[in-house]
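Colleague: Just passing along the structure, written as structure tokens.
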Amino acid sequence: MNRFNKFIMLTIFTTAKPFTGHTAVIQRNALKSWKLLHPEVEVIVFGDDEGSAAVCKELGLRHEPHVGRTAGGAIRLDNMFAKAQVLARHDVLCYVNCDIILLQDFLNALEPVRERWAQFLMIGRRWDTDIRESIDFRSPGWQDETRQKALSSGRRHDVLTIDYFAFRRGLYGPQTPPLAIGRFWWDHWLVRRALDLRVPVVDVSRGVVAIHQNHNFAHHPQGWKGLWDSEDARRNLELAGGPGRLATIEKATHRLTRKGRIVRRLIRLRTYNRRMTVWLKTKRMLAYNIALPSWHFLLDVTRPVRSVLGLRSKRRP
């Protein structure tokens, strides 16, 4: 048994998609894995999506159906984080996306972090893994088997996307904007806020195998493209301060070593490609919503002049 277990007092909170099809399988896997971390771990599920109440009752989780949403229907980060910090039984909280399986190494990493600082933000990379079936949690070796599957057949995700945020109550207050959960950029704001407050941000990727169960985006009518091009996504980028204010795992001030020590992260010069990573991720949105409309407008207003000067392009036969 994890030697830190007797010290861990943790509230995990999340929001789920409708419990249908493969989504139901992976969300049950995730929620059950959190519940089994330790008997004292509290799990709160926000939202009234299909099946949430029934699954929470079945697994013994706390269900909070009433939570603020954006005009596009996404759950608002400010409202959920505020309610979680009021409702939580424990002083240390962690928001986790509902498709992430956590193992005991998560508690191993969390304990020294919370012991060292009065306030902190703990984040890390995930392992993208194909898991199609329900995990047999009755098997004593389920953790080792699931970890091995992730390490052998999965892929460690890049630093752009963040799926869990552990912190002490009070870190996120009234200044939290109404970002839309699940619509891009909200995770970067959480990191930037901690950095602005000079709170240690600890990257525990080397010690935590957080398993992301691969899935499609059928919960949105237009799939991934619909999420990317949504008004909520555009609004999130604006509320987060634009591309120049986005903060990824790469911005962590500290990191967990493979030997389990927490050290200050050395700030290295970033290469051109590194600097452009987030920008490249936003260029499609900017092109569709700013550059392309502006170019068409310019062509329209200059068409008469270009026609007189013979500058209009000739149509191909």
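We did not get these values from a lab; they are worked out from the coordinates using the rules stated. Model, not experiment: these values are computed from the prediction. Backbone-built Cβ (ideal geometry, glycine too); neighbour counts: all protein chains shown.
Colleague: Ala210's amide H: which non-local residues (gap 5+, or another chain) put their own amide H closer than 5 Å, with H modeled 1.01 Å from N in plane and none for Pro or chain starts?
Modeller: Trp127
Colleague: Here's another thing I want to ask about it. Which of the peptides 117-124, 62-69 is most tightly packed, and how do the rest follow, judged by the mean count of other Cβ atoms within 10 Å per residue? Present the calculation step by step, with values, prior to reporting the outcome.
Modeller: Details: 117-124: 20.5, 62-69: 15.0.
The most tightly packed comes first, giving 117-124, 62-69.
Colleague: Which of Gln213, Gln143, Ala53 sits farthest toward the positive end of the charge dipole of region 5-264, with +1 on the Cβ of Lys and Arg and -1 on the Cβ of Asp and Glu?
Modeller: The one lying farthest along the dipole's positive direction is Gln143.
Colleague: Let me ask you something else. Got the relative contact order for region 43-147 handy, in percent, Cα pairs under 8 Å and 6 or more residues apart? Please report the intermediate quantities before stating the final value.
Modeller: Numbers: 53 pairs, mean separation 15.0, N = 105.
Contact order relative to length: 14 percent.
Colleague: Amide H to amide H, which residues 5 or more places from Thr15 or on other chains are under 5 Å from it, using H placed in the peptide plane?
Modeller: Correct list: Phe46, Cys98.
Colleague: Right, another one. In what sequence do Asp91, Asp78, Asp232 fall when counting other Cβ within 10 Å, fewest first? Could the numbers behind the result be given before it?
Modeller: Details: Asp91 13, Asp78 18, Asp232 23.
Fewest-to-most Cβ neighbours within 10 Å comes out as Asp91, Asp78, Asp232.
Colleague: Quick check on packing: order 138-148, 38-48 by the mean number of other C-beta atoms within 10 Å, highest mean leading. Write down the numbers at each step before the final one.
Modeller: On the way: 138-148: 13.3, 38-48: 18.6.
The most tightly packed comes first, giving 38-48, 138-148.
Colleague: Next question, about the same structure. Starting with the fewest neighbours, write out Thr302, Thr23 ranked by other beta-carbon atoms found within 10 Å of each beta-carbon.
Modeller: Numbers: Thr302 13, Thr23 21.
Placing the least packed residue first, the sequence is Thr302, Thr23.
Colleague: Stick to the Cα atoms of region 5-264, pair each with every other, and give me the Kirkwood hydrodynamic radius in Å at one decimal. Could the numbers behind the result be given before it?
Modeller: Working: mean 1/r = 0.0541 Å⁻¹.
Answer for region 5-264: a Kirkwood hydrodynamic radius of 18.5 Å.
Colleague: Which entries of Lys32/Lys83; Lys32/Lys251; Lys83/Lys259; Lys57/Lys83 show an alpha-carbon separation above 28 angstrom in the structure shown?
Modeller: On the way: Lys32/Lys83 22 Å; Lys32/Lys251 31 Å; Lys83/Lys259 36 Å; Lys57/Lys83 20 Å.
Going by Cα-Cα distance, Lys32/Lys251; Lys83/Lys259 fall outside the 28 Å limit.
Colleague: Moving to a separate point now. At 37 °C and 0.692 mPa s, what whole-number value in µm²/s does Stokes-Einstein give for the translational diffusion of region 26-125, with Rh from the Kirkwood sum over Cα pairs?
Modeller: Rounded to a whole number, D works out at 222 µm²/s.
Colleague: Provide the gained length on full extension for the span Arg198 to Glu133, in nm with one decimal, where the gain is 0.36 nm per separating residue minus the Cα-Cα distance. Mind dumping the intermediate values first?
Modeller: On the way: separation 65, 0.36 × 65 = 23.40 nm, distance 4.22 nm.
Stretched out fully, the Arg198 to Glu133 stretch lengthens by 19.2 nm.
Colleague: Oh, and also: Taking the mean number of other Cβ atoms within 10 Å as a proxy for protection, how do you rank 102-114, 192-204 from highest to lowest?
Modeller: Values: 102-114: 21.0, 192-204: 19.2.
Result, highest mean Cβ count within 10 Å first: 102-114, 192-204.
Colleague: If you don't mind, another one. Sort Arg125, Arg155 so that the residue with the fewest other Cβ atoms within 10 Å of its own Cβ comes first and the one with the most comes last.
Modeller: On the way: Arg125 23, Arg155 13.
By the 10 Å Cβ count, ascending, the order reads Arg155, Arg125.
Colleague: Classify region 6-80 as rounded, prolate or oblate, taking a ≥ b ≥ c as the square roots of the eigenvalues of its Cα gyration tensor: rounded when a/c is under 1.5, otherwise prolate if a/b is larger than b/c and oblate if not.
Modeller: Values: a/c = 2.24, a/b = 1.36, b/c = 1.65.
Judged from the Cα gyration tensor, region 6-80 comes out oblate (a/c at least 1.5, b/c at or above a/b).
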